[in-house]
Structure formats: structure tokens, C-alpha cells
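The values are calculated or read from the model by the stated rules, or taken from the named source; none is laboratory data. Computed from a prediction, not measured in an experiment: that's the story for all the values here. Here the Cβ positions follow ideal geometry from the backbone for every residue, glycine too, while neighbour counts run over all protein chains shown. In case anyone asks, the SASA skips ligands and DNA or RNA and just uses the protein heavy atoms, side chains included. Shrake-Rupley method; radii C 1.70, N 1.55, O 1.52, S 1.80 Å.
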Amino acid sequence: MFTGIIEAVGTIAAIQEQQGDLQLYVRTGALDLGDVKLGDSIAVNGVCLTAIALPGDGFWADVSRETLTHTRFPSLSVGESVNLEKALMPTSRLGGHIVTGHVDGLGEIVDRREDARSVRFTVKAPAELGRYIAAKGSITVDGTSLTVNAVNGNLFELNIVPHTVQETIIDHYVPGRLVHLEVDIIARYLERMLGHRAEPEEHSETSGGGLTLDKLAEYGFTNR
């Protein structure tokens, strides 16, 4: 698990093809690897990868075909900057929100504009992810925990303050760039519990129990 608070910006140092998938060597820059051991998880642009070797200035990781299918990793290039975050420890502050490191889909930057010292972006999410994105809710973009300012269908807006621009790869974003999106995991679980997909009752795993809108109203969470 992660928080979406980027700890350092690293660099892709090597990409090796391995029988249909890849191995990546990531130089980790200012990221402290003193407490990282083989098998530990590090998020790279929001993708949870496992360290399989620690040469000293970075780590090697395997990238499976499953990951290649659902991320923009196939288009990574040597020298490209990436966001890095070590896995959450029980003693860590949860400064962002709960992030799993599992990418839900690829978004596209469709607009970038300056707003005083901040930068505003409009991002297009895949249609199937739109229902999980809410104004003032959280979303992870390339591993960075961000607050959604506004939503219009599957388009959403972000306001990025100077510190976040400086400490992440967000300053590289231009219209047309693809980014990794991970929606708020709480939204996914709520959908499942509320039966958003309206499974037939006889086939529903929550048939006869579970969380419903009527139950939420009963306990004072809605006005239904």
C-alpha cells in the first residue's frame, strides 16, 4: 500500500526485454534505499513493482505482461523521469489517501493552463472509470495523490500547486500525454456493496444481506 505522496523523482536507467516481458532498472535519485530490502515494493509512476536487485543507486524490477497491457510502460524510454514512492509503513502518516499501486486505466491530458502560481489540467479518463471520480474526491495520477476540482462526464480537472509541480513529473505533462490513473479504492468497494451493476438477485453474492441504499438511510447516511 502507498499514500500517493511522491518521495523522489527517479530515472529509467535501463530496459531489458525478457522472453516477452521486461526488466527495468530505475535510478532512484534522492530516494533513501537504506531500509529497502529485496522483495520490497516501490511504486513507479503509481505502479507497484518489486525490487529484485539493489545495485546501490537504484533497483531492478520485473514488469509482467499483465502490467505492460494496462500501463504505458511499453513506451517508457531510457532517461525518462518517473515518480517514486516506497511502500507505506504502519508508522507512516497517511498524507494522501490509500493507494494500492494497481493502475485502473490510462488517462489523457487534454488541456494545461497556468492559474497564478498553480497549473490547471483537464484529464480525460476512460469512460468506465468516470463513475468513480467525484469533485473534491481523491485520484492518483502517475502515483501522485491529487484532489479532483471538477468533473464533467469522464473529464476531470486538477489544480496543481507549485510544490507538487516541482517535486513530481507533473511539469512534463502536455496535452496528448497518457498518465496512469488509480481511482479511490473506497469508491470501488462502495459500488460493489451497493450492487451498482444491478446483478439479478438470484445471482447476487449480496442477495438477502449486505449494504443497500435502504440500509444506508436506516443508519442516517442518506435521506432516502
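Structure values in brief
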| item | result |
| --- | --- |
| Label zone at T100, where the point sits 7 Å out along the Cα-to-Cβ direction: segment 159-184 residues whose backbone N lies under 20 Å | 179-184 |
| ³J(HN,Hα) computed for each position of segment 24-34 - Karplus, 6.51 cos²θ - 1.76 cosθ + 1.60, integer Hz, glycine/proline x | 10, 10, 10, 7, 9, x, 7, 5, 6, 9, x |
| Positive minus negative residues near I52 (Lys, Arg vs Asp, Glu; Cβ under 15 Å) | -2 |
| Segment 4-12 - phi-based ³J(HN,Hα) in whole Hz, Karplus 6.51/-1.76/1.60, Gly and Pro as x | x, 9, 5, 9, 6, 9, x, 9, 6 |
| Ordering of 139-145, 153-159 by burial proxy (mean other Cβ atoms within 10 Å per residue, highest first) | 139-145, 153-159 |
| Solvent-accessible ranking of L129, L190, largest area first, probe 1.4 Å | L190, L129 |
| Local electrostatic count, I185, Cβ distance below 15 Å [Lys/Arg +1, Asp/Glu -1] | -1 |
| K136-E17 pseudo-label distance in nm [points 7 Å out on the Cα-to-Cβ vector] | 5.1 |
| Cβ-Cβ FRET estimate between R188 and R65, R0 fixed at 22 Å, reported to 0.05 | 0.40 |
| I5 long-range amide H proximity, modeled H, under 5 Å | G96, S145 |
